[in-house]
1. Just to be sure, is residue 90 over 13 Å from the mean Cα position of the chain (by Cα) and more than 18 Å from residue 200 (Cβ to Cβ)?
2. Say we look at segment 103-114 and pick out the residues that are touching a residue at least 40 places away in the same chain (Cβ under 8 Å) and closer than 19 Å to residue 196 by Cβ; which of these is surrounded by the most Cβ atoms within 10 Å (Cβ to Cβ)?
3. Here is a list of conditions, (1) modelled with pLDDT of 95 or more; (2) over 14 Å from the mean Cα position of the chain (by Cα), and residue 32 meets all of them except one; can you say which number that is?
4. For segment 6-33, give me the residue count where each residue is in contact (Cβ under 8 Å) with a residue 12 or more places away in the chain and in contact with a strand residue (DSSP E or B) (Cβ under 8 Å, 6 or more places away or on another chain).
5. Across segment 189-206, what is the number of residues that are part of a loop (DSSP other than H, G, I, E, B) and modelled with pLDDT of 90 or more?
6. Do we have any residue at all in segment 2-16 that's buried (at least 20 other Cβ atoms within 10 Å of the Cβ) and farther than 25 Å from residue 150 by Cβ?
7. Restricting to segment 36-45, and then to whatever is of a type outside the set (A, V, I, L, M, F, W, C) and either at pLDDT 95 or above or crowded, with 20+ Cβ neighbours inside 10 Å (or both), can you tell me which residue is nearest to the chain's Cα centre (by Cα)?
Amino acid sequence: MARYFDIHPVDPQPRLIQQVVQIIRDGGLVAYPTDSCYALGAAVGNQEALERIRQIRRLDDKHNFTLVCSSFAQMGQLVNIGNDAFRDIKAVTPGSYTFILPATKEVPRRLLQPKKKTVGVRIPDHRVTRAILDELGEPLLSSTLLLPGQEEPLVQGWEIKEELDNQVDAVIDAGDCGTEPTTVIDYSSGYPEIARYGMGSTERFE
């Protein structure tokens, strides 16, 4: 049964954030809110949680997983960012964007898109997510909480608890969460391609 955390969206309680992070460090899988919609999150090296995400979402091996970062410095350790991409990404982060970029050797191979050797990265603009990242001290392996056969992600903490009670270890409720996932910008070919239209404006990348 998943633990349920009611966390203040503007002033997250440090004690609760610490408990959530401990679950992640202990190998847990958590459902957490972001600035776009709910996501599933786990430690980057947690292979079991990766497989649990694949099962929950029924993902194949071509899926680009996302590494959620607290800062540009952290992101720079995970992906190779050219000068043009750097300027564009810097201009819109933190925010509701995921960027697909060539991964560095710091990223476990099992997280990469097999042919392109890319991975998704993002820096969210959500106080609870950022509090978790700051306490964790490392990126969070993440995937949008969009269940098979559903067109929109679940948006209520209690709803997620009911749906995934035996499939995740914790659910974080921080009030209303949007239904739109991030806008995905693919830089794997060296220039921006819009892979998914979402919450972030695409004007800069068109």
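1. no
2. Looking at residues that are touching a residue at least 40 places away in the same chain (Cβ under 8 Å) and closer than 19 Å to residue 196 by Cβ, I get 111.
3. (2)
4. 14
5. So the count comes out to 8.
6. yes
7. 41
Here is a yes/no grid of residues against (1) within 15 Å of residue 31 (Cα to Cα); (2) free of Cβ contacts under 8 Å to residues at least 12 places away in the same chain; (3) out of contact with any strand residue (DSSP E or B) (no Cβ under 8 Å at 6 or more places or on another chain); (4) of a type outside the set (Ser, Thr, Tyr):
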{"site": "134", "(1), (2), (3), (4)": "no, no, yes, yes"}
{"site": "139", "(1), (2), (3), (4)": "no, no, no, yes"}
{"site": "147", "(1), (2), (3), (4)": "yes, no, yes, yes"}
{"site": "166", "(1), (2), (3), (4)": "yes, no, yes, yes"}
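The values are calculated or read from the model by the stated rules, or taken from the named source; none is laboratory data. Please read these numbers as outputs of a predicted model, since none were measured by experiment. Here Cβ is always computed from backbone atoms with ideal geometry, including for glycine, and neighbour counts include all displayed protein chains.
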